[in-house]
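Okay, structure first, notes after.
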Amino acid sequence: MINIFFPSNNDKNEIFIASSSKGQNIKASEITEEKRKEIEIDFFNKINLDMKKAIFMHQVHKDNIVKIDETNKNIYSKENPIKETDALITNLKNVPLVIQTADCLPIILYCKES
């Protein structure tokens with residue numbers, strides 16, 4: 001499952017959250033790497049979001065947290081995820097943060113003032 005969260009760049013300080021499932025009635029054992037990529041691209045296209053702007057991480061089930069700011073927002077991508085972390089934090093608008101889950105639930109905390 002792909003979960004995306006980001007503060008949107010509007011005057012209401014709103015957030016955008018999107019969540020997917022593997023969909024298409026495909027068994028997990030039938031999903032090839034190529035099919036997984038196709039599903040991810042389709043999901044990003046459906047929510048009208050540029051996958052190249054999204055921040056991905058390689059999750060390891062530990063307590064590592066990475067702050068995304070102006071100095072590192074363009075470093076990480078699907079091809080270059082943040083290594084060994086399980087939480088992302090940012091105060092930047094329009095920077096999509098992605099967490100991929102299987103049998104876990106993502107936790108999203110949002111503060112309107114910052």
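For this structure, a couple of remarks:
- Filter on LYS37/LYS73; LYS46/LYS78; LYS35/LYS93; LYS46/LYS93 - keep pairs with C-alpha separation over 24 Å: LYS35/LYS93
- Shape box of region 52-102 [Cα atoms, principal axes, largest first, Å]: 26, 20, 16
- Across region 27-85, Cα-Cα pairs farther apart than 12 Å form 73% of the total.
No lab work stands behind these numbers, since they all come straight from the coordinates. A quick note: this is a predicted structure, and the numbers were derived from the prediction, not measured.
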